[in-house]
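A quick write-up on the structure given underneath.
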Amino acid sequence: MIDRDKVEAGVRLILEGVGEDLSREGLAETPQRIARMYEEIFAGMDMDAGEPLSKQFHVDNNAMVLEKDILFYSTCEHHLLPFYGKAHVAYVPNGEVVGLSKLARTVEIYARRPQLQEQMTAQIADALMEHLNPKGAVVMIEAEHMCMTMRGIKKAGSKTVTYVTRGCFNEDEQMLNHFFDMVRS
């Protein structure tokens, strides 16, 4: 649960720290707006990834399921600046599948936390393994980080790509290559 009072006090300190006048018309309600915004963009803090993955359906087919190009927005925990991009999530069912929207919801839960892309990639794959018990899972994330594009090195358009494999994707190079081919198509 976001503590609005603490967020508002922190924003006031930051604005004062950068030399702003808190009584200026444009800033008068900024601490409250930021607190409300943080409730939205950090909503994943209070969410359990197991919840969207709990409703499963039996299938006889154990072919790979891929949901690609899942757009997400997250916040870098190092600089509290946004990073955003696409997640590609696949798993090989072990007799059970979930609705496709549940994969996107799982991405959203982890994206809506102060986050590292590398950590988020692994968290999504681990959630699939824990809650779906599939034969394997693979998650690939491509993202642009504002901490690299608007400050520091200032390399707009650069993308960071991370991926993790679990289960059969660790053991079957052909299946992993099939995943990459499907993501590129």
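Here are some notes:
- The set of residues in the range 107-137 being over 21 Å from Asp46 (Cβ atoms), open to solvent by 60 Å² or more (accessible area, probe 1.4 Å) and in a helix (DSSP H, G or I) consists of Glu118 alone.
- Condition met for Val183 (aliphatic (A, V, I, L, M) and either surrounded by fewer than 13 Cβ atoms within 10 Å (Cβ to Cβ) or part of a strand (DSSP E or B) (or both)): no
- Within the span defined as the range 151-170, one or more residues are closer than 23 Å to Glu96 by Cβ, surrounded by fewer than 18 Cβ atoms within 10 Å (Cβ to Cβ) and touching a helix residue (DSSP H, G or I) at 6+ places or on another chain (Cβ under 9 Å).
- Any hit, the range 144-159, residues being in contact with a Pro (Cβ under 8 Å, 6 or more places away or on another chain) and part of a helix (DSSP H, G or I): yes
- Scanning the range 8-19 for residues that are under 21 Å from Tyr38 (Cα atoms) and either of a type in the set (Ser, Thr, Tyr) or open to solvent by 50 Å² or more (accessible area, probe 1.4 Å) (or both) yields Arg12, Leu13, Ile14, Glu16, Gly17, Val18.
- Residue match in the range 84-97 (condition: open to solvent by 10 Å² or more (accessible area, probe 1.4 Å) and within 15 Å of Gly50 (Cα to Cα)): yes
- The range 117-135 residues that are of a type in the set (Gly, Ala, Ser), paired with ones that are open to solvent by 20 Å² or more (accessible area, probe 1.4 Å) (beta carbon under 6 Å, 6 or more apart): Ala122/Val164; Ala125/Val164; Ala125/Arg166
The values are calculated or read from the model by the stated rules, or taken from the named source; none is laboratory data. Since the model is a prediction, treat every value here as computed from it, not as a measurement. When we count neighbours, we look across all protein chains shown, and the Cβ atoms used for this are built from the backbone with ideal geometry, even at glycine. When the accessible area is computed, the model is the full protein with side chains, heavy atoms only, and any ligands, DNA or RNA have been set aside. Shrake-Rupley method; radii C 1.70, N 1.55, O 1.52, S 1.80 Å.
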